[in-house]
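K.L.:
One structure follows; several queries about it will come next.
Read-outs throughout are calculated quantities, based only on the coordinates presented, and are distinct from any laboratory measurement. Since the structure is predicted, the reported quantities are computational estimates derived from the model, not experimental observations. Because the Cβ atoms are built from the backbone with ideal geometry, glycine has one as well, and the counts that use them run over all protein chains shown.
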Number of protein chains: 2
Amino acid sequence: MQLRRADTSLVDDATSAYIAYHDKYVVVYDFAKIHAKVAIAELTTLLNDLESTGLHTEVRAGYDETLLVFVQAPRELLGNSVYHARVKDWLYGIAKQHPGGTANTIVKGAYEAEDLLSLYHLVVWSKALGGAGITPQFGKWERVTSVFPLHHPRANRELLVHLSKRLFLSSNDLDQIRDLWGTGVAFYFAFIQAYFLSLAFPCAGGVLAWLFLPKYSLVFALIIGIWCTVFLEYWKIREVDLSIRWQVRGVSKLKHNRPQFQYEKEVIDAAGRVRHYFPRWKRIVRQLAVVPFLLASTLLLVLFIGAVFALETFIGEGYDGAYDNLLEYVPTVVLAILLPFINNYLEDVAGSLTEYENHRTQDYYEMSRTQKIFVLQSITNYLPILLTAFVYVPYGKTIIPFLRNIILSAFGVKQDPNFTFRIDPDRLRNEVIALTVTGQVSSAIEELALPYFKTGVKEWWRTYRTSHTFTGGATGRMRKGDDPVEARFLRRVRKQAALPSYDVHEDISEMVLQFGYLALFSPVWPLIPIGFFINNWFELRADIIKICIEHQRPDPVRSDGIGPWVASLEALTWLGSLTSAAIVHLFGTSDVWGIGKWWGLPITVFASEHIFLGLRAVVRWALQTIGSKHIRKERAERYAERKKYLDELEKSAARKGHLDIVERERRKSVRMTAADVFWTRQVEEGASRAAGVGLIRALKGPECDGDVKASKVD
Amino acid sequence: MQLRRADTSLVDDATSAYIAYHDKYVVVYDFAKIHAKVAIAELTTLLNDLESTGLHTEVRAGYDETLLVFVQAPRELLGNSVYHARVKDWLYGIAKQHPGGTANTIVKGAYEAEDLLSLYHLVVWSKALGGAGITPQFGKWERVTSVFPLHHPRANRELLVHLSKRLFLSSNDLDQIRDLWGTGVAFYFAFIQAYFLSLAFPCAGGVLAWLFLPKYSLVFALIIGIWCTVFLEYWKIREVDLSIRWQVRGVSKLKHNRPQFQYEKEVIDAAGRVRHYFPRWKRIVRQLAVVPFLLASTLLLVLFIGAVFALETFIGEGYDGAYDNLLEYVPTVVLAILLPFINNYLEDVAGSLTEYENHRTQDYYEMSRTQKIFVLQSITNYLPILLTAFVYVPYGKTIIPFLRNIILSAFGVKQDPNFTFRIDPDRLRNEVIALTVTGQVSSAIEELALPYFKTGVKEWWRTYRTSHTFTGGATGRMRKGDDPVEARFLRRVRKQAALPSYDVHEDISEMVLQFGYLALFSPVWPLIPIGFFINNWFELRADIIKICIEHQRPDPVRSDGIGPWVASLEALTWLGSLTSAAIVHLFGTSDVWGIGKWWGLPITVFASEHIFLGLRAVVRWALQTIGSKHIRKERAERYAERKKYLDELEKSAARKGHLDIVERERRKSVRMTAADVFWTRQVEEGASRAAGVGLIRALKGPECDGDVKASKVD
């Protein structure tokens, strides 16, 4: 099965060896749940829409009751679309120079993703924008399950081989990812690479802290705080650098309305463009609805996780009745079963809220949605640790026996008078280690192994169930009716059609969560960064494999960074300055302020936060002063571009010298006002000097007589 | 004397009625302390440098041993310089469009300040940049005391008359200020206008709070916090709007090296320009020296003011020995005498530090210096209130008797056993009122009355001392040797030459300090904003008069906002969220947390700060989402400018339709690879549809036979 699965996007076959991948898209049409008549009508419309855009189509059978509509753009159409896209970039100030050429110019994309992006736009953009308007799973295209570009097996393989030889990814390596999958995905890899490399510093710090510093060390917390800050400010500059390198700076301005966007009216802007207008203040008001939602969700999650946590602690440490060993796992199991449901429900609500916010572009929509989900994820991830640190350890002695009494008396169980409760002092550390390690492992399973397995099973089931439509053995299976020449190619495409699409935000979110553990809880266990360091080296490579094998090829959409995730990272760093300080204060050995642990806590947290803020201001100021070399380069280029005008200007540099005679005479001869007379008194060459010398001599006396000539020149 | 003084810049005379003010500058050369030989040599160089730039000069006698070198640019030179400046703006991306014309084009400035700026550059820019390189009070021009443009009496008067009729300044009014004095000054007036107007809100709030809210009201503190935040975010947008309106956005990029700037080497940048390079990291390191300086200064000021404060309190309230009444004023007098010295000394150090930082442009230099001075000023201004609020009132009961004992026993004075110390509960309020009111009054005196008086006395002294060189009475006085026709004009210029130059940062700093009182101490006395509101209405007008009468006309340098003052305002607002909360907490009636005033303080401050930060994030996000209409307009314009290209592109919109027959045949006829075959199967029109329909029917069964034709079109 290994080979059969892997070849989906990595192994060429006879057909695909010669195929070009820069101009092909596949539209998957599912007619399982509708009447054939409707299906035929819809298919007809679909094909008409595609063909009237100038695209060429080929229809083949997919899995089950689906059709694969292969879309190819003729060379002229695609080349012209790419050219138009470049002109548009220039029109919106993203590219600095007009690409040259005229309306009918045909160009080849500089890299595969550029061509593909134009093709993607031809398929999905509205007809008004010159596309076919195929919007999968929306409106009249509800039964178009997906629209995706074909994986390029050779390029995928080459990328993997190339990267496997490299320890670190350079900008050139990132360029290759951009060439294949577009800037949106490339920025994720740029981020994980930068993050991975910078982790070396907390790793070294962690080892030293582990060897030489006390537990819950303030120094180590500071080191991590500084690192977080410096890394973030560095990344902001790196992001700008890359966005200039990839010519996508400010690309979000250019994005088009998502089909779900509902506008109130059309307005014509100053440049004569028709704009779909939805008042900004209305969106702002709608977005404010997120505040009660997040508050309610937080409360719900806190209550639920808190209850499970309390029950677990009670059973594990405070309960010694019947079935002790068995019962201990019940709360965790309940949590494990129920939490996904709760999360799913909340994520659905978050999705609806985001839909209600009525974002104009897909970008903003996705960002807004992902941010909400991220907050929910953060709560589920960090809350158990926070509860352990700030409730269980300090208050456990009071709460657990209290809980025990309540629960035991509720069940009428006789209480053991000899019971004494002991807090597990290492529980915080163990919790952090468990959550981070299991987090990494489980995410690896979730991302790689599970989908692999799931897809395998699905495929087997599909093959088994529809075996009447397939012939041939395991390696040569083909659908009845397939042309044998195309069989392998079609099999690959069918597999890809069944894969989920790739959401880069999910991967970024995982990294941000990881960063959060570091920022929030680093003093608990200084060796955490080492685990992350190792994990991320693999993560980067695994994610590339994941995109190649587990997902449809991503639409090569453009973005100019990782967007709002930078804000999330900043928020986590900030929050970290609070939690780290609180942990060091509560768990560290010394009572700094000499007024008791709890009285001193607000002061510690306050001090730590302001040290962090001061530090951040300095780092930000320093790094922004040094600035982005790409920005400077860009400015210099724009300047050079305009330089040719300057050349002409410089020819006139020889315009110096005193007023020429004509002008001098003119000024003397014209009819003058009182004011003009003033300016004509010393018109003659040397007259000003003579007047000045006269005045000086008048005041200084005759002492300088005779020296005047000698001192004429300084 | 009134009229005689006022006419300096407001009253025309026979000469100046017809004079043009857009092309004149005056260089003041002082040869009092040098030998005539040197003076003549220097004057010769000065005149040569000016004349070799193409400027015309007239020399007249100034006050004392000074010469007034009148500089006028010939129409051709000035017009061409203005044109070059516009081209340069375009070269550096400040203007969006090339102004048209060629190297020798001559244009008239759109307003007076534009011409004047070019003339200013002709006088002060280095020879390499085409100027005469006259840098007053620096290097070989140490004895050039000032270089200034002549006040335009009629324009000044018209501006004053115009503004006196207007209650509020509109953007058009600000345009007039810009026309006369350049954007640097105009931005100050834009700021004070915006600030003044927005004060209406805290005024109304203050009255309501005074009527209906308890003393030290939390609600009022919140209102002021919100107002500060909203005003600041609004101003940022307004700043951008104005900088676009005045075409100065990003103008700081274009600034030239100040002569004091020392570079390490010359480098050629990507655009082929010679750049004077001084490593940024070195400047950063040098700037870090400000940290110990500010810490030390703060300590010094805290100690000094604290000591005086303690002494004053002790004598006023804790001391009842001999000379009580007299002694009470001693500390204040000592403070009043010594503080200016200390401040001057610290400001000198700040100046040297800034010099050491080696800023490339005058802008950065001034900003850096002004910021340092601002911090020092803030300490002297706010510290007494802070001491009263957080030391005197809470700890006075302990400290004052303690101090009393120490001091009395040091002097061996017998102690009165019946002495009891009572804290003055209204002292905080009185202190705030006194400081703000006297601050406004004393600044008005310092700015208007004092210079008026000083200049008057100076002038009288000068006239008296040099009476042998002057003839005529009070109204018609003229220097001996003056042409009677020019006498009045020269008298005006001599007066202007003796005036100080105008530093806009000082005026902004005053407003920022005022804003600080509001942000930091508003809950103490809710009626403060009303005083400020009234004051600022006059302040705005008084400042215009001040520039007209008390100062040389400002060099019309450009800037794109009030620069780093925005950061100062932000810092004060932030700080205010701490101090206001602390004041409300300590002086308010309720003990919110029920754990004692002092234990609860960190919690209150912490909570307040984070409420403020959250609020600021929301306000910032909302206002930036709504955004600047000028930015949108600018973008639209840039788009429109590029639109003509689009028009051509749109002609090709008719490139739709299926592949034409030729292409279709070509594709069928060329030698094909296996992959190509795939894409030729359904080339014929309708073939894709037929194939799809076939597949649907095969799966759905024959149920749909007969419907196919009917459903051809959706």
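K.L.:
May I ask you to list the GluC sites (Glu not before Pro) in region B:209-316 that are in a DSSP loop and have at most 15 other Cβ atoms within 10 Å of their Cβ?
P.N.:
Details: sites: B:E233, B:E239, B:E264, B:E266, B:E312; in loops: B:E264.
Taking region B:209-316 and a limit of 15 other Cβ atoms within 10 Å, the loop GluC sites (Glu not before Pro) found are B:E264.
K.L.:
In what sequence do B:I696, A:I379 fall when counting other Cβ within 10 Å, fewest first? Mind dumping the intermediate values first?
P.N.:
Working: B:I696 26, A:I379 19.
So the residues, fewest neighbours to most, are A:I379, B:I696.
K.L.:
Same structure again: Using a Förster distance of 51 angstrom, determine the FRET efficiency expected from the C-beta separation of A:K597 and B:S52, and round it to 0.05. Kindly include the intermediate steps, with their values, before the conclusion.
P.N.:
Values: r = 77 Å, r/R0 = 1.51.
For A:K597 and B:S52, the calculated efficiency is 0.10.
K.L.:
Please compute the net charge surrounding B:Q287, taking Lys and Arg as +1 and Asp and Glu as -1 over other residues with Cβ under 11 Å from its Cβ. Working shown, then result.
P.N.:
Working: positive: B:R280, B:K282, B:R283, B:R286, B:K372; negative: B:E357.
That works out to +4.
K.L.:
State whether region A:511-566 is rounded, prolate or oblate according to the following rule on the C-alpha gyration tensor (a ≥ b ≥ c being the square roots of its eigenvalues): a/c under 1.5 gives rounded; otherwise a/b larger than b/c gives prolate, and the remaining case gives oblate. Walk me through the intermediate numbers first.
P.N.:
Values: a/c = 3.88, a/b = 1.66, b/c = 2.33.
Here region A:511-566 falls in the oblate category.
K.L.:
If I take every Cα pair under 8 Å that is 6 or more residues apart in region A:200-322, average their sequence separation and divide by the length, what percent do I get for the relative contact order?
P.N.:
Values: 33 pairs, mean separation 12.5, N = 123.
After rounding, I find 10 percent.
K.L.:
Hey, which residue of B has the C-beta nearest the axis mapping B onto A, and what's the distance in Å?
P.N.:
Minimum Cβ distance to the axis, with residue: B:P602, 2.
K.L.:
Under a crude label model (7 Å from the Cα following the beta-carbon direction), how far is A:E506 from B:R541 in nanometres?
P.N.:
6.9
K.L.:
Within region B:517-532, list the residues whose amide N lies under 17 Å from a label point set 7 Å along Cα→Cβ of B:V207.
P.N.:
B:526-532
K.L.:
Any chance you could count the Lys pairs in region B:22-149 whose alpha carbons are under 27 Å apart, treating pairs 8 or more apart or on different chains as valid?
P.N.:
Eligible lysine pairs with Cα atoms under 27 Å apart amount to 13.
K.L.:
Just to check I understand the Karplus step: with θ = phi - 60° and J = 6.51 cos²θ - 1.76 cosθ + 1.60, what whole-Hz values come out for region A:194-208, glycine and proline as x?
P.N.:
Ordered by residue, 3J(HN,Hα) equals 4, 5, 4, 4, 5, 5, 3, 5, x, 4, 4, x, x, 4, 4 Hz.
K.L.:
Quick check: Cα centre of region B:97-125 to Cα centre of region B:27-91, how many Å?
P.N.:
So the two Cα centres are separated by 18 Å.
K.L.:
Next up: Put a point 7 Å out from Cα along the line to Cβ at B:Y345; what are the distances to that point in the other copies, in nm, shortest first?
P.N.:
Ordered by distance, the counterparts are at 7.1 nm.
K.L.:
Given R₀ = 45 Å, FRET efficiency for B:A690-A:A444 by Cβ-Cβ distance, to 0.05? Please list the in-between numbers first.
P.N.:
Values: r = 47 Å, r/R0 = 1.06.
About 0.40, to the nearest 0.05.
K.L.:
Here's something else I'd like to know. Go through region A:276-291 residue by residue and turn each phi into a ³J(HN,Hα) via Karplus (6.51, -1.76, 1.60, θ = phi - 60°); whole Hz please, and just put x for glycine and proline.
P.N.:
For region A:276-291, the Karplus curve yields 8, 9, 10, x, 5, 5, 5, 5, 4, 4, 5, 5, 5, 4, 5, 4 Hz.
K.L.:
Nearest 0.05, what FRET efficiency do B:L299 and A:D348 give at R0 = 51 Å with Cβ-Cβ as r? Mind dumping the intermediate values first?
P.N.:
Details: r = 58 Å, r/R0 = 1.14.
So the FRET efficiency works out to roughly 0.30.
K.L.:
While we're looking at this one, here's another question. Ordered shortest first, which distances in nm separate the 7 Å Cα→C-beta label point of B:R541 from those of the other copies?
P.N.:
Relative to the other copies, B:R541 has label-point distances of 7.8 nm.
K.L.:
Just flag the trypsin sites (Lys or Arg not before Pro) in region A:161-267 sitting in loop per DSSP whose Cβ has no more than 14 other Cβ atoms within 10 Å.
P.N.:
Numbers: sites: A:K165, A:R166, A:R178, A:K215, A:K236, A:R238, A:R245, A:R249, A:K253, A:K255, A:K265; in loops: A:K165, A:R166, A:K215, A:R249, A:K255.
Qualifying residues, ordered by number: A:K165, A:R166.
K.L.:
So for the pair A:Y395, B:I433, with labels modelled 7 Å out along Cα→Cβ, what separation do we get in nm?
P.N.:
Computed distance between label sites A:Y395 and B:I433 equals 4.6 nm.
K.L.:
Sticking with the crude label model, points 7 Å out along Cα→Cβ, report the distance from B:R632 to B:A410 in nm, one decimal please.
P.N.:
6.6
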